[in-house]
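Here, each number is a calculation from the coordinates, and none is a lab measurement. All values derive from a computational prediction rather than experimental measurement. When we count neighbours, we look across all protein chains shown, and the Cβ atoms used for this are built from the backbone with ideal geometry, even at glycine.
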Amino acid sequence: MTRHLLLRCTLLLLLPSLTLGCGFALRGSNTVSSSYDELVLDLEQPNSDFARLLQRSLDVANVETSTSAERSNQVVLSVSSETVANRIVTVNPRARASQYELRLSVDIALNQADEILLAPETLMVERIIFEDIANLAGSRGEVQLILSEMRRDLVDQLMRRLEASNS
């Protein structure tokens, strides 16, 4: 009886270390530490949802941000407006679109004075969504929810690019 209890306790102690060792993390808990102490944000849409998520992620990573360069040697992160595109993937028997591909993208660049730290590139996230013809209002709400998740994924991509750019 005590052997089984000892085995169970050992398994309970080993389980968390196994899940951490394989890279498991709860969704949304992957904070990225940036190697930049200060960044100047050059945002085309400074009041967008994407900009607020980016600002929050930079705050969590302890990065001071400003919107104008006070010195010529500051690191400037340029982010374009987000672009949302959709295309029909499948059509139902009534010749109506039943499945869409949503694509959310932003263009980014990272510069310091005349030096390019991160070449201009496009970050993109894609999702396939189903449209329920019987519940269009629900489908529209689901699209908004999926877009907000895609923005979070895009900010996570950007934060990982920032971390990798100074390695």
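Based on the alpha-carbon gyration tensor of the range 39-132 and its eigenvalue square roots a ≥ b ≥ c, which shape applies: rounded if a/c is under 1.5, prolate if not and a/b is larger than b/c, or oblate? Mind dumping the intermediate values first?
Details: a/c = 3.88, a/b = 2.67, b/c = 1.45.
Judged from the Cα gyration tensor, the range 39-132 comes out prolate (a/c at least 1.5, a/b above b/c).
Per residue of the range 37-48, what does 6.51 cos²θ - 1.76 cosθ + 1.60 with θ = phi - 60° give for ³J(HN,Hα)? Whole Hz please, x for Gly and Pro, Karplus curve as stated.
Whole-Hz 3J(HN,Hα) from phi for the range 37-48: 7, 9, 9, 9, 8, 10, 9, 5, 10, x, 9, 7.
Which residues' amide hydrogens lie under 5 Å from the amide hydrogen of GLU131, considering only partners 5 or more residues apart or on another chain, with H built in the peptide plane?
Sorted by chain and number, the residues that satisfy this are GLN99, TYR100.
Report the residues of the range 107-122 in range of a label on GLU44: point 7 Å along Cα→C-beta, backbone N strictly under 19 Å from it.
Flagged as within label range: 107-111, 118-122.
Please list, in chain and number order, the residues 5+ apart from LEU39 or on another chain whose amide H is under 5 Å from its amide H, with Hs placed from the backbone.
Answer set, sorted by chain and number: GLU64, THR65, SER66.
Out of residues 5 or more away from GLN74 or on other chains, whose amide H comes under 5 Å of its own, with H placed 1.01 Å from N in the peptide plane?
Hits under the 5 Å cutoff: ALA113.
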